[in-house]
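Comments concern the structure below.
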Amino acid sequence: MPPIVPAPQRLTASGDTRAIGEALLVTGDEEVREVVEVLGRLAPGWAGLELRWVDDDASADVLVRLGPPDLAPDLPEPSGPDPSGGTSGDERYSVAPVDGRLVLRGASPHGAFRGLTTVLQAAAGTELPLFAAADAPRTRWRGLSLDVARFFLPPAQIEKVIDLMALYRLDVLHLHLTDSQAWRLELADRPALTGPDVGSPGHYTADDLAGLVAYAARRFVTVVPEIDLPGHVLAALRAHPELRGGVPPLHPLLGHLSPSVPAAMAFAREAVEALVGVSPSPYVHVGGDEAFGMPDEEYVAFVRVVHGWVREAGKRPVAWQEASRARAFGPGDVLQLWIAPSDAPREDRVRAAAPADLAHLVDAFLATFREAPGDLGRALEDGAAVLLSPSLPFYLDRRYAEPSTDPAQTADLTRLGHAGYPRARTSDLSAWSPDDVGGLDPAAVAGMEAAIWAESIESFDDLAMLLLPRLPVLAELMWTGPRRPWPDLATRLRPHAAAWTRSGFGAYYRSADLFPA
């Protein structure tokens, strides 16, 4: 079988090939010319060959037509809301060998884009396998949450991540723009927020974000921006100490925005107003996690107000699962489920490890996780959709359990990755299924999203090492479906290492699960 990841829902290899030389020649309906032009810029990195539009049908290796694709009747309808709000179009496509070349039918330019990424992955050297495929995603929301608050990525590097996402048919870039380490979202009237005294250098202007949104849209990736409130706000409090309103924190490393402090609420309103203008997506993420030490009644009041502001702006709020405790979700909203039961802290171990003078902090920390088992039920009762991001398997800052074939990478895992999570093997990630989430109504699933947190990341190479090879494994789970057999997936994924290197991700982890000695 061709080395295609994610695997199409239906794929049949004919055994025949077509000689293509150094370029893959494409023609078809005029509406797909721009798609071919965008993919033409990516093809040398992805496939090691050129992709060119030609006007001569007779010389084309691939003919692309728009219209209803030839799909198997039992192909599932994609589930969940459209994160683009319906602007990106239908992703379904089919491929068939006809008269010695491939004919691709896309339900829309978006479907044509997805189909051509499949064709590019299949192309090997100077030969194009002639195969038949019928394909559609299992779920519409297939995302990656990228933590640019803790480690700033210049826009050009974010674009490289977007390109990688497009290769593996992911369609949502969730940008985590603010946290206690730094505030990256420019607010015009608050220059101190992004000044040198608040966090590590780097922030995004409105023009930066507009450029990223447009770049992503051309690759059929929707940007969903996030500001994390009311916790995770130490950067904002360093820039504007008055936001504390004289409320003493439990600890200098903790802080939150209180609804009883007018300055804090005015700031939050400004931040939300900036947030809703970042992307045309109907969704914005307003955080809501780990507000350690914040009184429950204040947390409830804050979250309800912020969700209301988002709706007033014509958007739908997305928030981490703790926000369910405010009973602020409603139909059309999205709860992001992240606390995997296997990663929940063991109370006895946490208390045993903490110094006695920090017992009050331990209480606040554990209280957050003690309520986690009820979050999903509350969200479902309130009519919210559920975005699945349980930390196992979706958190990519988890350290690899298997060694690297490069001993230096194995040694580097003592620094890189979150030490608090049990390690996991790459080969085990594909066995996960939404059925593993107890109490989940499949009809309520909004989609799935991987996350890469950057506490330990010091360079783009660090990011590449944590993302790859695991991101494509999870992309197949999101697109094709759960419980993918590892041997087959590994066989298809292994040849992609050359594409990673050509595309600037050469520091990928040389996983012994994928590259056995």
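It is to be established whether one or more residues within the range 160-168 are surrounded by fewer than 22 Cβ atoms within 10 Å (Cβ to Cβ) and either among the polar types (S, T, N, Q) or farther than 19 Å from R470 by Cβ (or both).
no
Could you check, for the range 3-12, whether at least one of its residues is of a type outside the set (A, V, I, L, M), out of contact with any Asp or Glu (no Cβ under 9 Å at 6 or more places or on another chain) and not in a strand (DSSP E or B)?
Going residue by residue through the range 3-12, those that are of a type outside the set (A, V, I, L, M) are 3, 6, 8-10, 12.
Okay, now just the ones that are also out of contact with any Asp or Glu (no Cβ under 9 Å at 6 or more places or on another chain), so 3, 12.
When the remaining residues are screened for being not in a strand (DSSP E or B), the result is 3.
The answer is yes; a qualifying residue exists.
What is the one condition in (1) free of Cβ contacts under 8 Å to residues at least 12 places away in the same chain; (2) closer than 22 Å to T178 by Cα that H418 does not satisfy?
(1)
Within the range 187-201, is even one residue hydrophobic (A, V, I, L, M, F, W, C), touching a His at 6+ places or on another chain (Cβ under 6 Å), buried (at least 23 other Cβ atoms within 10 Å of the Cβ) and not assigned by TED's automatic domain parsing to the domain that holds R33?
Initially, the range 187-201 is screened for residues hydrophobic (A, V, I, L, M, F, W, C), giving 187-188, 192-193, 198.
Add one more test, that the residue is touching a His at 6+ places or on another chain (Cβ under 6 Å), and what stays is none.
No, the range 187-201 contains no residue that is hydrophobic (A, V, I, L, M, F, W, C), touching a His at 6+ places or on another chain (Cβ under 6 Å), buried (at least 23 other Cβ atoms within 10 Å of the Cβ) and not assigned by TED's automatic domain parsing to the domain that holds R33.
Could you tell me whether any residue of the range 40-54 is over 18 Å from L25 (Cβ atoms) and within 28 Å of the chain's Cα centre (by Cα)?
Here is the first cut: in the range 40-54, the ones over 18 Å from L25 (Cβ atoms) are 45.
Now narrow it down to the ones that are within 28 Å of the chain's Cα centre (by Cα): 45.
Scanning the range 40-54 turns up at least one residue that is over 18 Å from L25 (Cβ atoms) and within 28 Å of the chain's Cα centre (by Cα).
Residue-wise test of (1) among the β-branched types (V, I, T); (2) assigned by TED's automatic domain parsing to the domain that holds R316; (3) part of a helix (DSSP H, G or I).
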| position | (1), (2), (3) |
| --- | --- |
| A359 | no, no, yes |
| T368 | yes, yes, yes |
| P373 | no, yes, yes |
| V386 | yes, yes, no |
| E402 | no, no, no |
| Q409 | no, no, yes |
| T414 | yes, no, no |
| P422 | no, no, no |
| A431 | no, no, no |
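Among the residues that make up the range 124-146, is at least one of them within 18 Å of V223 (Cα to Cα) and either over 20 Å from the mean Cα position of the chain (by Cα) or not in a strand (DSSP E or B) (or both)? First the steps, then the outcome.
Of the residues in the range 124-146, the ones within 18 Å of V223 (Cα to Cα) are 139-146.
Of the ones still in play, those that are also either over 20 Å from the mean Cα position of the chain (by Cα) or not in a strand (DSSP E or B) (or both) are 140.
The answer is yes, given that some residue of the range 124-146 is within 18 Å of V223 (Cα to Cα) and either over 20 Å from the mean Cα position of the chain (by Cα) or not in a strand (DSSP E or B) (or both).
Quick check: is even one residue across the range 291-314 at positive phi and not small (G, A, S)?
Restricting attention to the range 291-314, the residues satisfying the condition of being at positive phi are 293, 314.
Subsequent filtering for residues that are not small (G, A, S) retains none.
No: zero hits.
I'm trying to understand the selection: among the residues of the range 55-82, which are closer than 23 Å to A132 by Cα and either buried (at least 20 other Cβ atoms within 10 Å of the Cβ) or at pLDDT 95 or above (or both)?
Matches in the range 55-82: A60, D61, V62, L63, V64, R65, L66, P69.
I'm trying to understand the selection: among the residues of the range 13-37, which are at pLDDT below 95 and not hydrophobic (A, V, I, L, M, F, W, C)?
S14, G15, D16, G21, E22
I need the full set of residues from the range 20-39 which are farther than 9 Å from D61 by Cα, out of contact with any Pro (no Cβ under 8 Å at 6 or more places or on another chain) and of a type in the set (A, V, I, L, M), in order please.
The first filter runs over the range 20-39 and keeps only residues farther than 9 Å from D61 by Cα, leaving 21-23, 28-39.
Applying the additional criterion that residues be out of contact with any Pro (no Cβ under 8 Å at 6 or more places or on another chain) yields 21-23, 28-30, 33, 36-39.
A23, V36, V38, L39 - these are the residues of the range 20-39 that are farther than 9 Å from D61 by Cα, out of contact with any Pro (no Cβ under 8 Å at 6 or more places or on another chain) and of a type in the set (A, V, I, L, M).
Among G85, G106, G28, which is closer than 28 Å to P434 by Cβ and crowded, with 17+ Cβ neighbours inside 10 Å?
When all the criteria are applied, what remains is G106.
If you go through the range 465-514 one residue at a time, how many are among the hydrophobic types (A, V, I, L, M, F, W, C), touching a helix residue (DSSP H, G or I) at 6+ places or on another chain (Cβ under 7 Å) and not in a helix (DSSP H, G or I)?
Going through the range 465-514 one residue at a time, the tally reaches 4.
Taking only pairs six or more apart or across chains, which ones have beta-carbon atoms under 8 Å, a first residue in the range 444-455 that is among the aliphatic types (A, V, I, L, M), and a second residue that is part of a strand (DSSP E or B) and modelled with pLDDT under 95?
Within 8 Å, the pairs are V445/S79.
Return yes or no: is T178 modelled with pLDDT of 95 or more and of a type in the set (S, T, Y)? Before you say what the answer is, go through the steps one by one.
Values: modelled with pLDDT of 95 or more: yes; of a type in the set (S, T, Y): yes.
Criteria met by T178.
Which residues, taken from the range 86-119, are part of a strand (DSSP E or B) and either among the basic types (K, R) or under 20 Å from the mean Cα position of the chain (by Cα) (or both)? So that I can check it myself, show each step before the final result.
Initially, the range 86-119 is screened for residues part of a strand (DSSP E or B), giving 93-98, 101-106.
Result: R101, R105.
Which number in (1) at pLDDT 95 or above; (2) among the small types (G, A, S); (3) crowded, with 17+ Cβ neighbours inside 10 Å marks the one condition that A210 misses?
Evaluating A210 over (1) at pLDDT 95 or above; (2) among the small types (G, A, S); (3) crowded, with 17+ Cβ neighbours inside 10 Å leaves (3) as the failure.
Restricting to the range 224-234, name every residue that is without any contact (Cβ under 8 Å) to a residue 60 or more places away in the chain, aliphatic (A, V, I, L, M) and either assigned to a loop (DSSP other than H, G, I, E, B) or buried (at least 24 other Cβ atoms within 10 Å of the Cβ) (or both). Spell out the reasoning first.
The first filter runs over the range 224-234 and keeps only residues without any contact (Cβ under 8 Å) to a residue 60 or more places away in the chain, leaving 232-234.
With the extra rule that they be aliphatic (A, V, I, L, M), the set shrinks to 233-234.
Once the filter is applied, which keeps residues that are without any contact (Cβ under 8 Å) to a residue 60 or more places away in the chain, aliphatic (A, V, I, L, M) and either assigned to a loop (DSSP other than H, G, I, E, B) or buried (at least 24 other Cβ atoms within 10 Å of the Cβ) (or both), the range 224-234 yields only V233.
The values are calculated or read from the model by the stated rules, or taken from the named source; none is laboratory data. Here the structure is a predicted model, which means the values were calculated and not measured. Neighbour counts are summed over all protein chains in view; Cβ atoms, including those assigned to glycine, are modelled from backbone coordinates with ideal geometry.
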